[in-house]
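S.K.: Got a structure for you, written out below as structure tokens; questions coming shortly.
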Amino acid sequence: MNALVSRILRETTRAPEFLDITQEITDIVHQSGARDGLVCVYTKHTTAAIKINENEPLLLHDMEAFLERVAPQDAYYGHNDFSLRTVNMTEDECPNGHSHCRHLFLGTSETIPLIGGELQFGTYQRVFLIELDRPRSREVLVSIVGA
């Protein structure tokens, strides 16, 4: 049994934004030489998500619109009230309560079975890094545990 961790660094351009990172993950797995095991794809951010879904343009637009309906950017969020909030503040803090609330519906990681050196995706399954906040640098970890 071996373990390997690799990183994918991406720059996002807007929110919400669905970035298909499937090929980068596949390349990492093939370079690892792992044949059988599990591949965990994990984002180190609370305002970005990892999800498996279909890469179809109209569906991506539908999912962006759904996120806006679930947690509208212009709604009130106590997290955004900097006159009240006193914890986890940074110099470049921005009002992003909607991004954290959207993250609740999406999550931080996906795990994909690896069999015979191939990721076991369904016909239309792709892995997305989803930007929920604003354009910025994002880091995704790809952890392979297998033989």
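S.K.: List the residue pairs whose Cβ atoms are under 8 Å apart, where the first residue sits in region 112-132 and is closer than 15 Å to Asp20 by Cα, the second is assigned to a loop (DSSP other than H, G, I, E, B) and of a type in the set (A, V, I, L, M), and the two are 6 or more positions apart or on different chains.
M.R.: Val127/Ile21; Phe128/Ile21; Leu129/Ile21; Glu131/Ala15; Leu132/Ala15
S.K.: Has region 30-39 got any residue that is part of a loop (DSSP other than H, G, I, E, B) and surrounded by 20 or more Cβ atoms within 10 Å (Cβ to Cβ)?
M.R.: Going residue by residue through region 30-39, those that are part of a loop (DSSP other than H, G, I, E, B) are 33-36.
From the residues that got through so far, the ones that are surrounded by 20 or more Cβ atoms within 10 Å (Cβ to Cβ) too are 34.
Within region 30-39 (the criterion being part of a loop (DSSP other than H, G, I, E, B) and surrounded by 20 or more Cβ atoms within 10 Å (Cβ to Cβ)), the answer is yes, since at least one residue qualifies.
S.K.: Also, quick follow-up: Just wondering, is there one or more residues in region 62-75 that are of a type in the set (Gly, Ala, Ser) and not in a helix (DSSP H, G or I)?
M.R.: Start the filter on region 62-75 by keeping residues that are of a type in the set (Gly, Ala, Ser), which leaves 65, 71, 75.
Within this subset, residues satisfying the condition of being not in a helix (DSSP H, G or I) are 71, 75.
Checking region 62-75: at least one residue is of a type in the set (Gly, Ala, Ser) and not in a helix (DSSP H, G or I).
S.K.: Counting only residues that are surrounded by 13 or more Cβ atoms within 10 Å (Cβ to Cβ) and among the polar types (S, T, N, Q), which one in region 56-84 is nearest to the chain's Cα centre (by Cα)?
M.R.: Ranking the qualifying residues of region 56-84, first place goes to Gln73.
S.K.: Right, another one. Of all residues in region 11-55, count the ones that are under 10 Å from the mean Cα position of the chain (by Cα) and basic (Lys, Arg).
M.R.: Total satisfying the criteria: 2.
S.K.: Right, another one. Give me the pairs: first residue in region 43-60 and under 13 Å from Pro16 (Cβ atoms), second residue of a type in the set (A, V, I, L, M) and in a strand (DSSP E or B), beta-carbon distance under 7 Å, and six or more apart or on different chains, which are they?
M.R.: Taking only residues 6 or more apart or on different chains, the pairs are Ala48/Leu129; Ala48/Ile130; Ala49/Ile130; Lys51/Ile130.
S.K.: Please indicate, with yes or no, whether at least one residue in region 96-113 is over 15 Å from the mean Cα position of the chain (by Cα), more than 22 Å from Ile8 (Cα to Cα) and surrounded by fewer than 18 Cβ atoms within 10 Å (Cβ to Cβ).
M.R.: So in region 96-113, the residues over 15 Å from the mean Cα position of the chain (by Cα) come out as 96-98, 113.
Filter once more, so that each one left must be more than 22 Å from Ile8 (Cα to Cα): 96-98.
From what's left, surrounded by fewer than 18 Cβ atoms within 10 Å (Cβ to Cβ): none.
Checked region 96-113: no residue is over 15 Å from the mean Cα position of the chain (by Cα), more than 22 Å from Ile8 (Cα to Cα) and surrounded by fewer than 18 Cβ atoms within 10 Å (Cβ to Cβ).
S.K.: Out of the residues in region 1-24 that are at pLDDT 95 or above and assigned to a loop (DSSP other than H, G, I, E, B), which is surrounded by the fewest Cβ atoms within 10 Å (Cβ to Cβ)?
M.R.: Arg14
The values are calculated or read from the model by the stated rules, or taken from the named source; none is laboratory data. None of the values given here were measured: they were computed from a predicted structure. Cβ: placed from backbone, ideal geometry, glycine included. Neighbour counts: every protein chain shown.
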